[in-house]
Amino acid sequence: MPICRRGGAAAASRHLLDGMSRRTTTARWVPRDRPEPAGRSGTGAPGRASHALGQMPRRRTTTTTARWVPRQGQKGEPGGSGHAAAPVDRLSALPDTLLHHVMSFLKAWEVVRTCVLSRRWRDLWASAPCVDIRLRGSGRDGAPPEDFGRFVYRLLLAREVSAPVDTLRLRSSNGEEYAETYDNDDVNIWICSAIKRNVRVIHLNGHRKDELVLEHTAFVSHHLKILKLSHIKLDGKILKQLSSQCTSLEDLELNNCPVNGGEILSVSLKKLTMVKCSITMDLSICAPNLELLCCITPYYHVPLFENLSSLVAATIMLDDSFLRRDEFLYEIAHECRGGRYGYCHDSKRRGSYYETCKLADSFSGKYLLRSLSSARSLELLAHSGEVVMVRELRRCSTFGNLKTLSLGEWCMAAEFDGLIFLLQESPNLEMLFLKLELSYSNKEAINIGFELKERSFACKNLEVVNIRCSKDDERVHMLAEIFVANGLPIEKIYVRRTGSTYSKGLMQTKFDYKHTAYSSKAVIELT
């Protein structure tokens, strides 16, 4: 099918709209009914839009058209003497860049429908830089075309040849709704089409039950800067291609993506976000120009970070119970989180925890804390007994640039050894945030695996210590004594108390008792 040019704009608009579900619209002007001229069908709006779908089944519509005329002015209003007020179309008077920005909030089929508004809007959709073709089963996106796959193909053909696609948003086929109109092979073709048009941003969403497998030959672009993937299967080949063939990639976001090992080696990457990704094999990440890093609850393995010399801010949140499937390691992680290995003064329990840290080597994440030593802002969050971060304390180096530090319960070991050690290694720290999690079932916390030579620290630039805890957490007073003993005025310590841990513990106990017979896994995860 030939690509529609501007000379054939009228036929294109009619063909595209013929294949789309129509809606009854309202206007602020007063309609005056008039018979439709002979030989004229559909909306009659010229443009290239209708070409993209051809003659497709459409819903029953009325044949009466309306001619819009301005309302007569009333007394006291401009034109109140009976003369018609001159119509002012302020929206159409805006420049193309602003109208395209408005279109970026609409789905592609809604953008195409704007061609019927006026001559000003006739071909505006064909150069819109954002193409959003995400479908949702809930029907929140209006009425999409019946033959959706055919609509997308014709949409891409009918666009202006010289107009680049800046942003592409799409969702893979889930094998259920709309499965007859397009499949994941079509999705890969659409991605290739957008890449040929120098796409700069791609948002691709898969499905929980049927993750999309990307074609290795798709991502070859020197223009792609932002790539956001959700529920997309990735392997070493596609990661290698993203690293070597996408030379301008700066922002990579992976959300619930199965990653089968490999390496991300990118000189251009500046921001990396990984949320609940299932990393089944060792994954190494080397990005010397990376500035922002966010790694939230990886499954099975913790990534290995290397050469993050430009890092500015990082957020790391770990949970051992998701790192391995082995029942024994699940139990170990659960016992660690409950604080059952006790204080470092108990040599037997210290040995048990030492063995657990040895098992933690299979979780990967070696030199995790050392790789973050260049950051100016760090957020390290985990439950009590988290073994990877505690293991990495022994390999930690000085955080010379660190200004802001947020810590979770994992470093509140016996007598706060982990916290004190990190403060000793952060001489230029200015702001400290502590998030405590007190469990009334067992107040003991595990040790860090080694004893401190001294318990003093020197943070001369420390201005604020913000502690968030429950109302009945008495450790706040112990923390205050530690900071005051090391030269911090009490006025710089701020405490924000939440609900009672005792009440939460009772509610949790009732929940565990009620659901134990149904799912022991739920009890482990919620504890």
Whole-Hz ³J(HN,Hα) for each residue in the range 308-322, computed from phi via Karplus 6.51 cos²θ - 1.76 cosθ + 1.60 with θ = phi - 60°, x for glycine and proline: what do you get?
9, 5, 9, 5, 9, 9, 9, 10, 10, 10, 10, 8, 4, 5, 9
The answer for the net charge of residues other than Glu430 whose Cβ lies under 12 angstrom from its Cβ, with Lys and Arg +1 and Asp and Glu -1, is +3
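Summing +1 for each Lys or Arg and -1 for each Asp or Glu, what net charge is found among the other residues whose Cβ lies under 9 Å from the Cβ of Leu311? The partial results should precede the final answer.
Values: positive: Arg376; negative: Glu291.
Surrounding charge for Leu311 is 0.
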Gly261 long-range amide H proximity, modeled H, under 5 Å:
Thr280, Met281
At 0.36 nm per residue, and after removing the present C-alpha to C-alpha distance, how many nm does the segment from Ser284 to Ser92 gain when stretched out fully?
64.0 nm
Projected label distance in nm at Val102 and Glu481, using a 7 Å step from Cα toward the beta-carbon
6.6
R0 = 35 Å: FRET efficiency of Asn401 with Ala143, Cβ-based, nearest 0.05?
0.05
Testing the spin-label approximation: label points 7 Å from Cα along Cα→Cβ at Val464 and Asp183. State their distance in nm.
5.6
Tell me the net charge near Asn401. Cut-off is 13 Å between Cβ atoms, Asn401 excluded, with +1 for each Lys or Arg and -1 for each Asp or Glu.
-1
Evaluate E = 1/(1 + (r/R0)^6) for Glu430 and Glu306, where r is the Cβ-Cβ distance and R0 equals 25 Å; express this FRET efficiency to the nearest 0.05.
0.35
If the label point sits 7 Å along Cα→Cβ of Leu452, residues of the range 479-497 with amide N under 16 Å come out as 479-488
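On full extension of the chain, what length is gained from Arg496 through Ala163, given 0.36 nm per residue of separation minus the C-alpha to C-alpha distance?
My answer for the length gained is 114.5 nm.
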Over the Cα atoms of the range 179-265 the radius of gyration and the largest Cα-Cα distance (Dmax), both in Å, equal 12.3, 39
Considering only protein heavy atoms and a probe of 1.4 Å, how much of the accessible area of the range 169-316 is carbon and sulfur, as a whole percent?
48
Subtracting the Cα-Cα distance from 0.36 nm times the residue separation, let me have the gained length for Cys192 to Ser127 in nm, one decimal.
21.6 nm
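The values are calculated or read from the model by the stated rules, or taken from the named source; none is laboratory data. What you see is a predicted model, and the numbers here were worked out from it, not measured in a lab. FYI the Cβ positions are ideal-geometry reconstructions off the backbone, even for glycines, and counts take in every protein chain you see. Note: areas computed on protein heavy atoms with side chains; ligands, DNA, RNA excluded. Shrake-Rupley method; radii C 1.70, N 1.55, O 1.52, S 1.80 Å.
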